[in-house]
Amino acid sequence: MKEDEKNQSYKAVGIIMSAGMTMAVSVTIGYFAGSWLDKYFGTKPWLTLIMFILGTAAGLKSLYDLAFPKKGRD
């Protein structure tokens, strides 16, 4: 395997791992932030649900940006 092919393989693995971690962290932060806010305001389960959905949406947007980068960016 050539050095250039090896580097591209490592880049692909890095992008895939980054995508998985981004989604997992976004959903987890949304869930725990909502859970904390529910305990603070006593609104269980509404803020947990809303923040979970927002965390999921943020993760999906981040994955979209990773999959379809804007032209003119590195």
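The values are calculated or read from the model by the stated rules, or taken from the named source; none is laboratory data. Quick caveat, the model's predicted, so the values are computed rather than measured. As a convention, Cβ positions derive from the backbone with ideal geometry for all residues, glycine included, and neighbour counts pool all protein chains shown. Keep in mind that these areas ignore ligands, DNA and RNA; they rest on the heavy atoms of the full protein, side chains included. Shrake-Rupley method; radii C 1.70, N 1.55, O 1.52, S 1.80 Å.
Computed from Cα positions, the angle between helix 46-67 and the longest principal axis of the chain comes to roughly 10 degrees.
Charges were assigned to the Cβ only: +1 to each Lys and Arg, -1 to each Asp and Glu. The resulting dipole of the chain about its Cα centre is roughly 160 debye.
In loop segments of the chain as defined by DSSP, the trypsin sites (Lys or Arg not before Pro) with at most 16 further C-beta atoms inside 10 Å of their C-beta are LYS2, LYS70, LYS71, ARG73.
Run the accessible area of the chain with a 1.4 Å probe and give the carbon-and-sulfur part as a rounded percent.
Carbon-and-sulfur percentage of accessible area, whole number: 68.
Per residue, how large is the accessible surface of the chain? Use a 1.4 angstrom probe and give square angstrom.
On the way: 6260 Å² over 74 residues.
So the chain comes to 85 Å² accessible per residue, rounded to a whole number.
Of all lysines in the structure, those lying under 16 Å Cα to Cα from LYS2, and not within fewer than 8 positions of it along the same chain, are LYS11. Applying 1/(1 + (r/R0)^6) with r as the Cβ-Cβ distance of ASP4 and LEU66 and R0 = 22 angstrom yields a FRET efficiency of 0.50. Calculated from the structure at hand, mean projected area of the Cα convex hull in nm² is found among (i) 6.2; (ii) 5.8; (iii) 4.6 as (i).
Take the Cα of ALA33, step 7 Å toward its Cβ, do the same at ALA12, and the gap between the two points is 3.4 nm.
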